[in-house]
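Contents: one structure, followed by commentary.
Please treat every number below as a calculation from the coordinates, not as lab data. Since the model is a prediction, treat every value here as computed from it, not as a measurement. Ideal geometry is used to build each Cβ from the backbone, glycine not excepted, and the neighbour counts take in all protein chains shown.
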Amino acid sequence: PLHYDLNHGLLAQVRGRKRVWLFPPSEREQLYLRGPFPGANQLHRQSAVDIHAPDHGAFPRFARASGYEVTLEPGQMLFIPALWFHEIAAVDGVGVDGTDGPICVSVRYSLGTLSDRDFHDMRVAWLEDRWAVKWKDGKFR
């Protein structure tokens, strides 16, 4: 489910592809958290919204959420800042014999806390990258 972590992280894609949906902390009111922000409990750090089939009757503000969708290819790495909401799903995998198969491998490394300047530089570099797709008005563009 869509959630946030308390530490900065790097997600490195090794095999297969992964799709990542990201929303900045400023969107938390539209994401209907299960608990207080920031939450120490893992359940409290989750969104109650199924972003792939949102119930707009129960979660009307979600239609105004603004975020990003990224597809990671093997060899790519994504910086996920602390408190940024994210959900990750395998797109496909490559079998051991080289055919399409169920193997999709990624590695997440927790960076802990970075300085404000390091965080700003990484965030600006990521936001300017061309492979991020903007989510606006309930649609990816």
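Put simply, when 81-88, 8-15, 56-63 are sorted by average Cβ atoms within 10 angstrom per residue, most first, you get 81-88, 8-15, 56-63. Phi angles across the stretch 26-43 convert, under the Karplus curve 6.51 cos²θ - 1.76 cosθ + 1.60 with θ = phi - 60°, into 3J(HN,Hα) values of 5, 8, 4, 5, 7, 9, 6, 5, 7, x, x, 10, x, x, 7, 7, 4, 5 Hz, Gly and Pro given as x. Evaluating 6.51 cos²θ - 1.76 cosθ + 1.60 at θ = phi - 60° for every residue in the stretch 79-87, the Karplus couplings come out as 7, 10, x, 3, 6, 7, 6, 8, 9 Hz, glycine and proline recorded as x.
Amide H to amide H, with H built 1.01 Å from N, residue 8 comes under 5 Å of 82, 111, 112, 114, counting only residues 5 or more places away or on other chains. Once backbone amide H atoms are built at 1.01 Å from N, residue 50 has 55 as its partners under 5 Å, excluding neighbours fewer than 5 places away on the same chain. Projecting the Cα atoms of 41, 12, 59 onto the dipole axis of the stretch 1-65, where Lys and Arg carry +1 and Asp and Glu carry -1 at the beta carbon, places 12 farthest toward the positive end.
Near residue 67, the amide H atoms lying under 5 Å from its own belong to 135, 136; only residues 5 or more places off or on other chains count, and H is placed 1.01 Å from N. Charge tally around residue 31: other residues with Cβ under 13 Å, Lys/Arg +1 each, Asp/Glu -1 each, net +1. Estimated from the Cβ-Cβ distance and a Förster radius of 25 angstrom, the FRET efficiency linking residue 66 and residue 91 is about 0.65.
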